[in-house]
Amino acid sequence: MIHSSRRGRMLAAAALATLTLGVTAACGPDDDAKPAEGGSGAAAAEPVTITLQTFGGGKNFGYDEAVKTWNAAHPDIQVTYVNLTDRFEDTYLPQMLQWLESGSGAGDVIGMDEGGMGLMAARPQYFADLGQYGLESRKADFPEYKWNTGINKDGKLFALGTDIGGMAMCYRRDLFEKAGLPTDREEVSKLWPDWNAFMETGKKFAAKIKGVGFVDGANTVYNSVLSQETGKNGNVTYFDKDNNLIVDKNPGVKASFDYVQALSKAGLTAKLRSWTEEWNTAMQKGQFATMGCPSWMLGVISGTSGEGNAGKWDVAAVPGGSGNWGGSWLMVPAQSKHPKEAAEVLSYLTGKEGEVAAFKEGGNFPSNIQAQQDPAVADAKNAYFNDAPSGPIFSASVAKLAPVFFGEKHAQVKAAVEEVLVGADQGSIKWDEAWQRFVDEGVKAAD
Amino acid sequence: MSLHVDAGHVPSRAAPSRGRRHEHRNGPRRFLSWLDLRATPYMFVSPYFILFAIFGLFPLLFTLWVSLHKWQLAGEKTFIGLENYTKLLADEKFWNAVGNTVGIFLIATVPQLLIALLLANALNKKLRGRLFLRLGVLVPLITSVVAVAVVFTQLYGRDYGVVNWILSLFGVENVHWQNAKWSSWVAIATMVDWRWTGYNAIVYLAAMQTIPKDLYEAASIDGAGPRRQFWGITVPMLKPTIVFTVIVSTIGGFTLFAEPVMFGSGLMTGGTTGQFQTVAMFIVKKGFRDFEYGYAAAAAWVLFLLILLSALINFALVRGIGRSK
């Protein structure tokens, strides 16, 4: 009985999650029927209510202010903003898929993380064609990478970009100084124009300082190298554009794998996995000197390292100049009763005004190029990181970012092969066997 | 239940015997009284069975139905017969998960029940502060399983964990507990044991107190020492209780989930090569990470059968306790 209460706890948690989602689901249609409050009495027509569903902890998509502004200006189209859960992978995505399949429950505008984009692009039947509502005209607003990911397998535009991670290289000034390396961010960026130079710098660092990793682990470096290799190999990674698995055939994947292998074998990684206790502690204690940094990682570093380490971290350019980790999109499900109005709201939220507001509220770095150039973003400085000008650094990293095709099972294959990299780096898999295993795991995950 | 029905029989037989012909015309009323006598008991117990049918039986059968399909969430749903099962039985990752589950179960449960037995025996003696001690062994049970797993995962940390620090005093190099099968299994087994040993001890203690004192007195007079009394009287008398704890532990062990998930930083992969991925984690990964519901449903059914099988094996093994004596 008591053993089953262990299971019961998990069930209860699951039930609670379902219940929460169920309740919010129930709210969606209800709100549609109910006339929205706050609409001016003079408005003759019944206002249309657009439900906006997102995920994420803290400020999540950061749309409180943007929605308030919209609602004040548009009495005829009222937006209800619902953040469903802070868990994307195990709660939001499965729930959203169920709603899409059953034909009701999903909002009029929904947020989607990068990890779900491959899957959604392979299911065009569930989404409105945004081209129908004139949003093709927005192409110039976005970097190629962000725009292309919003095109589904039928070649239709179904999603527009919200935030983007970008990629920079965070480094510890105090450790660099100890190792006799420059500490100024301009000079540090010049140390590593490409990834080979980055490795050479690492070797110099390791020669001076023992027991401290040059990078935290395998994954961020791997992904940054891969995103640069993607551009050289026809903008594909694990799947070709016909959704065939090419993990073993794409030279870009092998090159990225080999680079991480060399880095790990040279002893330059601290053999850590992101989001573990060890990783947090190592960050606080300065057990690694650099870390691949998307814009949102700045908050993670300052939050984890604490006030005691303020000013020790700084931000330089990423080797090779481009990269990305994370970011989201907005889309309109085909089940929406007001797709035209939903598309208008979507366009506003992904427009300059919406993305600048989200940046101010939640620090979400805009993917919209005009928003990136807004002084609120472009002149933003991060005090914790010695007033590093984060805006220009991250804008630069995504400007030339190669677009990449996400296969239907991209997220699963990515997770499976990166697990092998972590294992090889940490020693549970021999490097000699790692490539074969990397391919095998990719094949299994795509099955 | 049977008592009520029998009690009702007597008057019902008695009444019609007097006026059977009358009752002939009174069909509906007779039917109602028959219903009252025969069906009421079933009605009283029905809430459980109705709830069970909705929340137990239906999911069970629906899972079976799903398992016969290639069933993707918001994707294709094609009937493929037993293909998921044949694929599953050839899936080395599944068998790896089964091996991990059985392995962790064995190294967690065997010592756990033995320690619980000895602990209960000790608590059954006259001790100072007996109540306090008896309650004390239950304390781990009221801590949340996730809290336990978080704390233990920190204790077993590679770089800054307390366990590695203690080992380093003896010159042992830092162990990366997640990296190898043996080390991850040991770490997870200690979490399970820390939480459940006290509970099993209390169950044993309760059973021990029902053993008649005169058995022990007689044994003392015959010259049996405490050890002989423990193995010759206590353990055989506890047999039904031991069977109970073994079966409950089997079910718990085979559905082990929260501890290994927390130990593997919340991932369903259970380590980089699946060193400690349990069957429950395998099912969640297939169903809710890869969205292959059909395949996950097949795995769930196989797990169900495995639990039944191992509970039966354990039952047979444990039934033999004390028989040789």
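The values are calculated or read from the model by the stated rules, or taken from the named source; none is laboratory data. Computed from a predicted model, the values in this text were never measured in an experiment. Neighbour counts run over all protein chains shown; Cβ positions are idealised from the backbone, glycine included.
Here are some notes:
- Helices (runs of 4 or more DSSP H) contained entirely in the stretch A:372-447, each with at least 2 residues that are within 14 Å of another protein chain (Cβ to nearest Cβ): A:410-426, A:431-446
- Residue within the stretch A:154-171 that is in a helix (DSSP H, G or I) and within 23 Å of the chain's Cα centre (by Cα) present: no
- Residues satisfying the stated conditions in the stretch B:27-78, i.e. under 10 Å from B:G294 (Cα atoms) and not charged (D, E, K, R): B:T63, B:L64, B:W65, B:V66, B:S67, B:L68, B:H69, B:W71, B:Q72, B:L73, B:T78
- Residue in the stretch B:95-112 that is surrounded by fewer than 16 Cβ atoms within 10 Å (Cβ to Cβ), outside any helix (DSSP H, G or I) and either in the same structural domain as B:N200 (by TED's automatic domain parsing) or modelled with pLDDT under 95 (or both) present: no
- For the stretch A:73-88, a tally of residues being surrounded by 18 or more Cβ atoms within 10 Å (Cβ to Cβ), outside any strand (DSSP E or B) and within 17 Å of the chain's Cα centre (by Cα) returns 1.
- Answer residue from the stretch A:121-132, given it is of a type outside the set (D, E), crowded, with 18+ Cβ neighbours inside 10 Å and under 10 Å from A:L157 (Cα atoms) and is farthest from the other protein chains (Cβ to nearest Cβ) among those: A:L130
- Yes/no for A:N244 being touching a residue at least 24 places away in the same chain (Cβ under 8 Å) and assigned by TED's automatic domain parsing to the domain that holds A:A179: no
- From the options A:V356, A:V404, A:V422, residue that is out of contact with any strand residue (DSSP E or B) (no Cβ under 6 Å at 6 or more places or on another chain), of a type in the set (A, V, I, L, M, F, W, C) and not assigned by TED's automatic domain parsing to the domain that holds A:A289: A:V356
- Identity of the residue in the stretch A:133-147, of a type outside the set (S, T, Y) and crowded, with 18+ Cβ neighbours inside 10 Å, that ends up nearest to A:V109 (Cα to Cα): A:L135
- Filter result for A:Q335 (in contact (Cβ under 8 Å) with a residue 24 or more places away in the chain and assigned to a loop (DSSP other than H, G, I, E, B)): yes
- Boolean, B:T190 is of a type outside the set (A, V, I, L, M) and either more than 20 Å from B:G266 (Cα to Cα) or within 14 Å of chain A (Cβ to nearest Cβ) (or both): no
- Selection within the stretch A:186-195 - surrounded by 13 or more Cβ atoms within 10 Å (Cβ to Cβ) and over 24 Å from the mean Cα position of the chain (by Cα): A:V188, A:K190, A:L191, A:W192, A:P193
- Close pairs (9 angstrom Cβ cut-off, 6 or more residues apart or separate chains): over 18 Å from A:H338 (Cβ atoms) in the stretch A:93-115, of a type in the set (D, E) anywhere: A:L93/A:D113; A:D113/A:E89; A:G115/A:E89
- When residues of the stretch A:293-315 are limited to those that are touching a Cys at 6+ places or on another chain (Cβ under 8 Å) and not acidic (D, E), the one farthest from the other protein chains (Cβ to nearest Cβ): A:V315
Yes or no, residue by residue, for (1) assigned by TED's automatic domain parsing to the domain that holds B:V203; (2) outside any loop (DSSP other than H, G, I, E, B); (3) at pLDDT 90 or above; (4) not aliphatic (A, V, I, L, M):
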| position | (1), (2), (3), (4) |
| --- | --- |
| B:L141 | yes, yes, no, no |
| B:V151 | yes, yes, yes, no |
| B:Q154 | yes, yes, yes, yes |
| B:D159 | yes, no, no, yes |
| B:N179 | yes, no, yes, yes |
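- Close pairs (8 angstrom Cβ cut-off, 6 or more residues apart or separate chains): within 14 Å of chain A (Cβ to nearest Cβ) in the stretch B:167-180, part of a loop (DSSP other than H, G, I, E, B) and acidic (D, E) anywhere: B:N174/B:D159
- Subset of the stretch A:242-273 (residues that are in contact with a strand residue (DSSP E or B) (Cβ under 7 Å, 6 or more places away or on another chain), in a loop (DSSP other than H, G, I, E, B) and among the polar types (S, T, N, Q)): A:N250
- Restricting the stretch B:113-140 to residues that are surrounded by 14 or more Cβ atoms within 10 Å (Cβ to Cβ), touching a Leu at 6+ places or on another chain (Cβ under 8 Å) and not hydrophobic (A, V, I, L, M, F, W, C) leaves a set whose member that is farthest from B:V302 (Cα to Cα) is B:N124.
- When residues of the stretch B:66-88 are limited to those that are without any contact (Cβ under 8 Å) to a residue 40 or more places away in the chain and assigned to a helix (DSSP H, G or I), the one farthest from the other protein chains (Cβ to nearest Cβ): B:T86
Residues checked against (1) among the hydrophobic types (A, V, I, L, M, F, W, C); (2) modelled with pLDDT under 95:
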{"position": "A:L119", "(1), (2)": "yes, yes"}
{"position": "A:A122", "(1), (2)": "yes, yes"}
{"position": "A:D129", "(1), (2)": "no, no"}
{"position": "A:Y133", "(1), (2)": "no, no"}
{"position": "A:R138", "(1), (2)": "no, no"}
{"position": "A:Y145", "(1), (2)": "no, yes"}
{"position": "A:G150", "(1), (2)": "no, no"}
{"position": "A:L157", "(1), (2)": "yes, no"}
